[in-house]
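Have a look at the structure below, then the notes.
The values are calculated or read from the model by the stated rules, or taken from the named source; none is laboratory data. Small disclaimer: the values here were computed from a predicted structure and weren't measured. A quick note on method: Cβ atoms are made from the backbone with ideal geometry, for glycine too, and the neighbour counts reach across all protein chains shown.
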Amino acid sequence: MIRSVVQGCGSYLPERVVTNADLAKTMDTSDEWIQQRTGIRQRHIAADGELTSHLALKASERALAHAGLKASDLDLIVLATATPDETFPATATRVQAALGMTGGAAFDVQAVCAGFVYGLSVADSLIKTGLASTALVIGAETFSRILDWNDRGTCVLFGDGAGAVVLRAEEGKGTTADRGVLANALHSDGRQHDILYVDGGPSSTQTTGFLRMEGKEVFKHAVVNMAAVVGEVLAKAGFETKDIDWLVPHQANKRIIDSTGRKLGLPPERVVVTVDRHANTSAASIPLALDAAVKDGRIKKNDLLLLEGIGGGLAWGASLVRW
Ligand code: ACO
């Protein structure tokens, strides 16, 4: 059985760090309010002229170096983003050109904060069907460009960044001991559009628009849907919660992460948390958290990882990966 095995990972954060105290200088907010409600202490914000593709490229170069592979080895790039450089073409093609990769396919996936899990599932499926053999899956965002900086209820929650993994087709035994992506589960519910969306776009307003959110509603759906999809993906692959070595959740809010961990009965030491340093980087948050825990030595070869995320759509999903 073909498995999509992770060969390497990488990430990149813009240089500029904006703390809660920095925000409190320009708007009616406080470090205490933000930390208590979300666990966020700071976020990275892209420089003028620094685009999603630039962040994605740096994360991709690091992931390729970590994997010991070259751009010419790739035959697929899937870039998850809700903040593309342009309406078209896909930002993935910008990254493709900048990497010097000429063959294969490159395209974007749009599932907002669930984007990385969606992108991973798409790449895994293409590898399993033989359409690709070596894939770069990237989550990259410049959410600072779609925030209403006059809306303190949303603008304090997000940051910019990028993360990437390299997947390679390997023959597995088809057992739970295989390395690679072992199962995926994806869902969406378009009826929940109004609780989290951007009020602009090429076809509706011909403007980019700003993020709008009913925070309490999103919170409720996030907690319920995360617990359900995690149970689903574990059952698909024949695992139980106790088998998980690391929960690597989408980093929206420390309270959502804690609540998911509690529902699963996972001790906090087995949950990777970076929301304090990165804030919510949407599709980039899972690969950023993953890279942090791989590079600091927590995540080791053969560990069982559960990745999960939810965002606008609503769209949500989970993946089980043996590292
Ligand atoms: N600083 C200070 N006060 C604030 C701020 C701020 N940045 N933002 C809002 N307030 C005030 C409000 O004006 C309100 O004041 P009032 O009582 O005088 O009217 C008060 O704080 C409470 O506001 P609520 O919006 O009710 O605050 P809540 O406790 O719901 O917390 C939050 C808001 C943090 C957004 C919470 O609802 C939440 O975490 N939701 C999850 C949403 C999320 O994480 N979304 C990310 C995108 S989706 C995803 O990635 C899963």
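Matching residues to (1) surrounded by fewer than 23 Cβ atoms within 10 Å (Cβ to Cβ); (2) in contact with a Leu (Cβ under 6 Å, 6 or more places away or on another chain); (3) at pLDDT 95 or above:
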position: Asp276; (1), (2), (3): yes, no, yes
position: Ile286; (1), (2), (3): no, yes, yes
position: Ala289; (1), (2), (3): no, no, yes
position: Glu308; (1), (2), (3): no, no, yes
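Scan region 291-298 and give yes if some residue there is over 16 Å from Val230 (Cβ atoms) and surrounded by 24 or more Cβ atoms within 10 Å (Cβ to Cβ), otherwise no. Full working, then the answer.
To start, the set of residues in region 291-298 that are over 16 Å from Val230 (Cβ atoms) comprises 291-298.
Narrowing the set further to residues that are surrounded by 24 or more Cβ atoms within 10 Å (Cβ to Cβ) leaves 291, 294.
Yes; the residues of region 291-298 include at least one that is over 16 Å from Val230 (Cβ atoms) and surrounded by 24 or more Cβ atoms within 10 Å (Cβ to Cβ).
Any idea which of Ala63, Ala80, Ala21 is within 16 Å of the ligand (Cβ to nearest atom), within 18 Å of Thr274 (Cβ to Cβ) and outside the structural domain of Ile299 (by TED's automatic domain parsing)?
Checking each option against the conditions leaves just Ala80.
Using the structure shown, decide if Asp108 is assigned by TED's automatic domain parsing to the domain that holds Gly8 and within 14 Å of Leu57 (Cβ to Cβ). First the steps, then the outcome.
Values: assigned by TED's automatic domain parsing to the domain that holds Gly8: yes; within 14 Å of Leu57 (Cβ to Cβ): no.
Here the answer is no, as Asp108 does not meet what is asked.
Would you confirm whether any residue within region 226-238 is out of contact with any strand residue (DSSP E or B) (no Cβ under 8 Å at 6 or more places or on another chain) and within 14 Å of the ligand (Cβ to nearest atom)? If you could, list the steps in order and put the result at the bottom.
Step one: of region 226-238, the residues out of contact with any strand residue (DSSP E or B) (no Cβ under 8 Å at 6 or more places or on another chain) are 227-228, 231, 235, 238.
Still in the list and also within 14 Å of the ligand (Cβ to nearest atom): 227.
Yes, region 226-238 has at least one match.
Inside region 259-281, can you point out the residues that are closer than 24 Å to Asp31 by Cβ, of a type in the set (Val, Ile, Thr) and more than 15 Å from the chain's Cα centre (by Cα)?
Val271
Test Gly159 against the criterion of being at negative phi, within 16 Å of the ligand (Cβ to nearest atom) and not assigned by TED's automatic domain parsing to the domain that holds Val233, and give yes or no. Before the answer, list the steps.
Numbers: at negative phi: yes; within 16 Å of the ligand (Cβ to nearest atom): yes; not assigned by TED's automatic domain parsing to the domain that holds Val233: yes.
So Gly159 fits the description; yes.
When only residues in region 84-105 that are crowded, with 24+ Cβ neighbours inside 10 Å and within 18 Å of the chain's Cα centre (by Cα) count, which is nearest to the ligand (Cβ to nearest atom)?
We begin by selecting, within region 84-105, every residue crowded, with 24+ Cβ neighbours inside 10 Å; these are 91-92, 95-96.
Okay, now just the ones that are also within 18 Å of the chain's Cα centre (by Cα), so 91-92, 95.
Values: Thr91: 20, Ala92: 22, Val95: 23 Å.
Within region 84-105, the match that is nearest to the ligand (Cβ to nearest atom) is Thr91.
Can you name the number of the only condition in (1) buried (at least 22 other Cβ atoms within 10 Å of the Cβ); (2) more than 18 Å from the chain's Cα centre (by Cα); (3) under 30 Å from Thr175 (Cα atoms) that Ile34 fails?
Answer for Ile34: the failing condition is (3).
When you go through Leu136, Leu126 one by one, which is the residue that is assigned to a strand (DSSP E or B) and more than 16 Å from the ligand (Cβ to nearest atom)? Give the derivation first.
Working: Leu126 fails: assigned to a strand (DSSP E or B).
Every option except Leu136 fails the conditions.
Identify the single condition in (1) touching a Ser or Thr at 6+ places or on another chain (Cβ under 8 Å); (2) surrounded by fewer than 17 Cβ atoms within 10 Å (Cβ to Cβ); (3) under 26 Å from Gly68 (Cα atoms) that Arg145 does not satisfy, given that it satisfies every other one.
Answer for Arg145: the failing condition is (3).
Scan Val248, Val223 and give me the residue that is outside any helix (DSSP H, G or I), β-branched (Val, Ile, Thr) and in contact with a helix residue (DSSP H, G or I) (Cβ under 9 Å, 6 or more places away or on another chain).
None of the other options fit; the residue is Val248.
Search region 277-290 for residues that are closer than 15 Å to Phe143 by Cα and pair each with any residue that is surrounded by fewer than 24 Cβ atoms within 10 Å (Cβ to Cβ) and at pLDDT below 95 when their beta-carbon atoms are under 8 Å apart and the residues are at least 6 apart or on different chains.
Note: pairs meeting the criteria are Asn280/Asn253.
Among the residues in region 258-281, are any within 11 Å of the ligand (Cβ to nearest atom), out of contact with any helix residue (DSSP H, G or I) (no Cβ under 9 Å at 6 or more places or on another chain) and over 20 Å from Val166 (Cα atoms)?
no
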